[in-house]
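For reference, the structure is listed below as structure tokens.
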Amino acid sequence: MSGILVVERSTTLSHLLKRTLAAAGLAARSELTTYLDTIDHLKQSVELAQPYGVLIIGVPARPTRDCMALLDFLATDAERVLPVLLMVHEQSPELDAWQRRHGKALIVLWTQFSKIPTALAQLEPRSAQLAAQAAVVAVPSQGIRILFVDDSHSVRLAYQQLLERQGYAVATAGTLSEASEKAARETFDLAIVDYFLPDGNGDELCRRLAGLPGAPTLAVITGTYREDIIVKSLDAGAIECMFKNEAKELFLARVKTLSRQIQMQKSVEAERQRLDGILGSVGDGVYGVDQQGVVTFINPTGLRLLGYADEEQLIGKQAQGLIHQSADEASADVVESGLGQAYTAGNSLKGHETVFWRRDKSGMTVECSVLPLAIQNRRQGSVVVFRDISERKSADSLRWEMTHDKLTGLVNARHFTHQVAQELQRRREAGGYSSILYIDLDRFSAIVDAAGLPASERLLVEIATVLGKRLREHDVLARIEGDRLALMLSGVQLENLFPLADSYRELLHQCKYEAGGATRPVTASIGVAVISRETPSAEYVVEHARLACRTAKQRGRDQTEIYVGEHDARIAREIEAGWTERLRQAMEQERIVLLVQPIVPIAALPRSESAVVQRQGWRVNGSGTAGQEYLFEILIRMVGKDGQLISPGVFVPLAERVGMMPKLDLWVLNRLLRYLAGVRGVKAPVAFHVNLSNMTLADPDSLKLIEAAIRTSGVPARQLVFEITETSELTSLHSARKFISALKKLGVRFALDDFGTGFSSFTHLRHLPVDFVKVEGSFVQGMSGSELDRKMVGSITQLAQSLKLRVIGEHVDSFATLEALRSSGADYAQGNYLGEPRPLRSVDFAALFPHG
């Protein structure tokens, strides 16, 4: 025989073939796992004058196009000389017809795999040895093959003769390495291992043998009784420990007991294969689960109904989430579904109608029954029998429940991923771009605590309604879980992606909730990812939108962030090129607008809300304590070509991405200095906070330009307070400290913004010579209704003031919040309650503080 070629894509079945061939004293010359590669391989073997004698092909339960192509190739005139053995799960008219057409082929069911040697002998009658071996395999002497391992040749020989006289087939080895090599080449039922070997101990060999496919039953034999040896051996997988000095009759009795156990295991395996054959012929789908709901087996009909080609795609995985869902889509708890309860409790379930999910994510209405599986009165799991009833029962309502969130009516996470996959296919066919917006509501747990669960759920419904009104054809809005939503925007232009995404963030501000006696807007952090024809998968783009959302939260919440990964380099170039030009033109055409918002000394504000004086629409109480310094923060907006204001949450991340933040920071500073140089008649001391990016702090050239701008402007440096954001990653504390120290020599002051949001807050406070600390706004906003937030702000205030720093509380949105901030000891307050941002040039600072 010129050699055997085995073609089987299942690792488990391939191993079964190898074991069966090895038991017959045969081995495959080559093994392949794909059918199309087999065609090329056969052609090459003929060209090299090394043809095969027999071809063994494992046919899937549902023959694929590649498999049928191989069979068609083998049925051609040139290839019909090659004997072929087909291993099949079940007989079929098509395969029978192919067998007749080929002429030199046999078909063997997997449930009758022991007939393989006989079938090979029939296909290749010249191999008389093979036929004889087949007969030996069919009726072995006791059927037990033993590997005996000992470093003494005389001991090996004595035990080999003793065992062979009892009818066992025995092979021996003298070292750990030799035993490992033999066990890898041959199949043994039992391995008896001496503990002390020249190149290792018996427990090490046991571990090696236990890791092999079709591992033998393990026993250790030793000349001395030591408890530590016994424990190590049992831990390594041995189930018996024998002693060389015990009577030979006792040794043989132990081996006989182990042999009976092995024979029982073989009988069980044979019965399992017989049952597999029965299951393969059943017209209904059948699968089994253990008590945790993990799939343990499935029959060919079940695979066909669910659209799977191989049982290995299901076995070992949770049935819930893969085949069926829980009663509540938002929960992953297995006991929340009727099927899950039956699995866990071991109950029967008959005539249960539900939806099973095929591999392609489509739903299938089924009627199923769950039967508890008990072996020797011990519960071992459940068997599920199901049939497709789609044609006799409409499942529209049931499918809706399985694909939608019950509270909001939005599609659920699973169906959203399916919709994204379809959109990805459209992009691959038609080109263009779409995007995913991952929306995470900010501090929603605090909203639940403050407003209560019913009000919070009504808020979610309102948010779904508001966002849903903006949807276009093919757009999809989903509730992923809890307070997280996802929005798929179909057919977007990259140059408008940031403004479009950020408009949804601003849209959410329309939704309000009551907390601490004040009405507050909803805010959210939004992560954006782009769908293009190069996007690897739906899961890929959703996950990266989630990562972008996490980055937006880390930047201070109520932000929009876009993700551009390594697969999206071309997208990044298009976005960056477009925005680089837009930013440059906006600065050249003076379309960057400076806004200003007051930062008011709390001591200058009365404790009665009615006594607070408004000036120019701001609650600044300009006639407050004499000499009290008033602060103002400079904010920026970009004016689009259509006249719409673009939030810095859109263009600042893009400016950072393309390296334009130093230019933008210097542009803002120069415009502010030019304005301040012309302001006259302000009697109260005032200062202006200007944000600086991390890129600017790390740029020595920017430091020189800022120093020059301040010196030549004539504006007192003390009127400038540069804010650095605590949430940004300061690439070098050393360079940041050097930057700050150089400007402080001129009289410039510094503030640490968004303090409390990052892990490095106190490190920055310790190493950076700042003058102000701005407490992260979400802590301040929650003070009126949260004891934890009050303690947090109070602790930050005490720490900062102990370092002789002044404390500013952001996001003051009500008088109650102002009073809570006053109680904490903070020095300044900032927020829309005291004054919303206004264009810088519209403020008359001389009239704002007429008395100083």
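With the structure loaded, tell me whether Ala342 is surrounded by 14 or more Cβ atoms within 10 Å (Cβ to Cβ), at pLDDT below 85 and not charged (D, E, K, R) or whether it fails that test. Don't jump to the end; show me each part of the working.
On the way: surrounded by 14 or more Cβ atoms within 10 Å (Cβ to Cβ): yes; at pLDDT below 85: no; not charged (D, E, K, R): yes.
Considered against the rule, which asks whether it is surrounded by 14 or more Cβ atoms within 10 Å (Cβ to Cβ), at pLDDT below 85 and not charged (D, E, K, R), Ala342 comes out as no.
Determine, yes or no, whether Arg822 is touching a residue at least 24 places away in the same chain (Cβ under 8 Å), in a helix (DSSP H, G or I) and open to solvent by 40 Å² or more (accessible area, probe 1.4 Å).
Details: touching a residue at least 24 places away in the same chain (Cβ under 8 Å): yes; in a helix (DSSP H, G or I): yes; open to solvent by 40 Å² or more (accessible area, probe 1.4 Å): no.
Spelling it out, it is not the case that Arg822 is touching a residue at least 24 places away in the same chain (Cβ under 8 Å), in a helix (DSSP H, G or I) and open to solvent by 40 Å² or more (accessible area, probe 1.4 Å).
Kindly provide the set of residues from segment 803-812 that are open to solvent by 40 Å² or more (accessible area, probe 1.4 Å) and within 44 Å of the chain's Cα centre (by Cα), ordered by number. Working first, answer last.
To start, the set of residues in segment 803-812 that are open to solvent by 40 Å² or more (accessible area, probe 1.4 Å) comprises 803-804, 806, 811.
The answer is Leu803, Arg806, His811.
Only one of (1) closer than 29 Å to Ala538 by Cβ; (2) at pLDDT 85 or above is not met by Pro372, so which one is it?
Of the numbered conditions (1) closer than 29 Å to Ala538 by Cβ; (2) at pLDDT 85 or above, the odd one out for Pro372 is (1).
Only one of Leu17, Leu70, Leu21 is touching a residue at least 40 places away in the same chain (Cβ under 8 Å), farther than 30 Å from Ala169 by Cβ and in a helix (DSSP H, G or I); which?
Details: Leu17 fails: farther than 30 Å from Ala169 by Cβ; Leu21 fails: farther than 30 Å from Ala169 by Cβ.
Answer to the selection: Leu70.
When you scan segment 604-623, how many residues do you find that are modelled with pLDDT under 75 and surrounded by fewer than 19 Cβ atoms within 10 Å (Cβ to Cβ)? Give the derivation first.
Taking segment 604-623 and keeping what is modelled with pLDDT under 75, we get 610-617, 619-623.
Still in the running and surrounded by fewer than 19 Cβ atoms within 10 Å (Cβ to Cβ): 610-617, 623.
Of the residues in segment 604-623, 9 are modelled with pLDDT under 75 and surrounded by fewer than 19 Cβ atoms within 10 Å (Cβ to Cβ).
How many of the residues making up segment 430-450 are at pLDDT below 85, touching a strand residue (DSSP E or B) at 6+ places or on another chain (Cβ under 7 Å) and surrounded by fewer than 18 Cβ atoms within 10 Å (Cβ to Cβ)?
Residues flagged as at pLDDT below 85, touching a strand residue (DSSP E or B) at 6+ places or on another chain (Cβ under 7 Å) and surrounded by fewer than 18 Cβ atoms within 10 Å (Cβ to Cβ) within segment 430-450 amount to 0.
I'm trying to understand the selection: among the residues of segment 11-20, which are surrounded by fewer than 17 Cβ atoms within 10 Å (Cβ to Cβ) and polar (S, T, N, Q)?
Thr11, Thr12
Take the residues in segment 93-115 that are modelled with pLDDT of 85 or more and under 29 Å from Val268 (Cβ atoms), then tell me which one is least open to solvent (accessible area, probe 1.4 Å).
Val108
Pairs under 9 Å by beta carbon, first residue of a type in the set (Gly, Ala, Ser) in segment 688-715, partner open to solvent by 50 Å² or more (accessible area, probe 1.4 Å), six or more apart or different chains?
If the second residue must be open to solvent by 50 Å² or more (accessible area, probe 1.4 Å), the pairs left are Ser693/Glu656; Ala698/Thr731; Ser702/Lys663; Ser702/Met695; Ala709/Asn670; Ser713/Asn670; Ser713/Arg674.
Please specify each residue of segment 825-849 satisfying the condition of being farther than 19 Å from Val773 by Cβ and open to solvent by 40 Å² or more (accessible area, probe 1.4 Å).
Going through segment 825-849, the residues farther than 19 Å from Val773 by Cβ turn out to be 832-833, 835-849.
Once the filter is applied, which keeps residues that are farther than 19 Å from Val773 by Cβ and open to solvent by 40 Å² or more (accessible area, probe 1.4 Å), segment 825-849 yields Asn832, Glu836, Pro837, Arg838, Pro839, Arg841, Ser842, Asp844, Ala847.
Scan segment 171-187 residue by residue and report those that are in a helix (DSSP H, G or I) and open to solvent by 50 Å² or more (accessible area, probe 1.4 Å). Show your work before the answer.
Taking segment 171-187 first, the residues in a helix (DSSP H, G or I) are 176-185.
Within segment 171-187, Ser177, Glu178, Glu181, Ala184, Arg185 qualify.
Hey, can you tell me all the residues within segment 224-266 that are exposed (fewer than 14 other Cβ atoms within 10 Å of the Cβ), small (Gly, Ala, Ser) and either more than 14 Å from Gln166 (Cα to Cα) or in contact (Cβ under 8 Å) with a residue 12 or more places away in the chain (or both)?
Result: Ala247, single match.
Looking only at strands (runs of 3 or more DSSP E) that lie completely in segment 340-434, which have at least 1 residues being under 25 Å from the mean Cα position of the chain (by Cα)? Working first, answer last.
Details: elements: 349-357, 363-375, 378-388.
Of the strands (runs of 3 or more DSSP E) lying wholly inside segment 340-434, those with at least 1 residues that are under 25 Å from the mean Cα position of the chain (by Cα) span 349-357, 363-375.
Can you name every residue in segment 762-776 that is of a type outside the set (A, V, I, L, M) and surrounded by 23 or more Cβ atoms within 10 Å (Cβ to Cβ)? First the steps, then the outcome.
Restricting attention to segment 762-776, the residues satisfying the condition of being of a type outside the set (A, V, I, L, M) are 762-764, 766-767, 769, 771-772, 774, 776.
Listed by number, the residues that qualify are Phe772, Lys774, Glu776.
Kindly list the number of the only condition in (1) open to solvent by 70 Å² or more (accessible area, probe 1.4 Å); (2) free of Cβ contacts under 8 Å to residues at least 12 places away in the same chain that fails for Arg207.
(2)
Looking at Ile262, Ile298, which is the one that is in contact with a Gly (Cβ under 9 Å, 6 or more places away or on another chain), more than 30 Å from Thr175 (Cα to Cα) and modelled with pLDDT of 85 or more?
On the way: Ile262 fails: more than 30 Å from Thr175 (Cα to Cα).
One residue alone meets the criteria, Ile298.
Where residues in segment 21-54 are of a type outside the set (A, V, I, L, M, F, W, C) and buried (at least 19 other Cβ atoms within 10 Å of the Cβ), which of them is modelled with the lowest pLDDT?
Looking at residues that are of a type outside the set (A, V, I, L, M, F, W, C) and buried (at least 19 other Cβ atoms within 10 Å of the Cβ), I get Tyr52.
In segment 147-168, which residues are buried (at least 17 other Cβ atoms within 10 Å of the Cβ) and either outside any strand (DSSP E or B) or more than 50 Å from the chain's Cα centre (by Cα) (or both)? Please lay out each step first, then the result.
First, the residues of segment 147-168 that are buried (at least 17 other Cβ atoms within 10 Å of the Cβ): 147-150, 155-156, 159-160, 163, 168.
Within segment 147-168, Asp150, Val155, Arg156, Tyr159, Gln160, Leu163, Tyr168 qualify.
Looking only at segment 51-59, decide whether some residue is within 22 Å of Arg185 (Cβ to Cβ) and in a loop (DSSP other than H, G, I, E, B).
Yes - at least one qualifying residue is present in segment 51-59.
Can you name every residue in segment 638-682 that is among the polar types (S, T, N, Q) and open to solvent by 20 Å² or more (accessible area, probe 1.4 Å)?
The first filter runs over segment 638-682 and keeps only residues among the polar types (S, T, N, Q), leaving 644, 647, 670.
Of everything in segment 638-682, those that are among the polar types (S, T, N, Q) and open to solvent by 20 Å² or more (accessible area, probe 1.4 Å) turn out to be Gln644, Asn670.
For the list (1) in a helix (DSSP H, G or I); (2) open to solvent by less than 30 Å² (accessible area, probe 1.4 Å), I need the number of the one condition that Phe722 fails.
Just one mismatch for Phe722, condition (1).
The values are calculated or read from the model by the stated rules, or taken from the named source; none is laboratory data. Everything numeric here is computed off the predicted structure, so don't read it as measured data. Counting neighbours? That spans all protein chains shown, and the Cβs are built from the backbone with ideal geometry, glycine included. All accessible areas refer to the heavy atoms of the entire protein, side chains included, with ligands and DNA or RNA removed. Shrake-Rupley method; radii C 1.70, N 1.55, O 1.52, S 1.80 Å.
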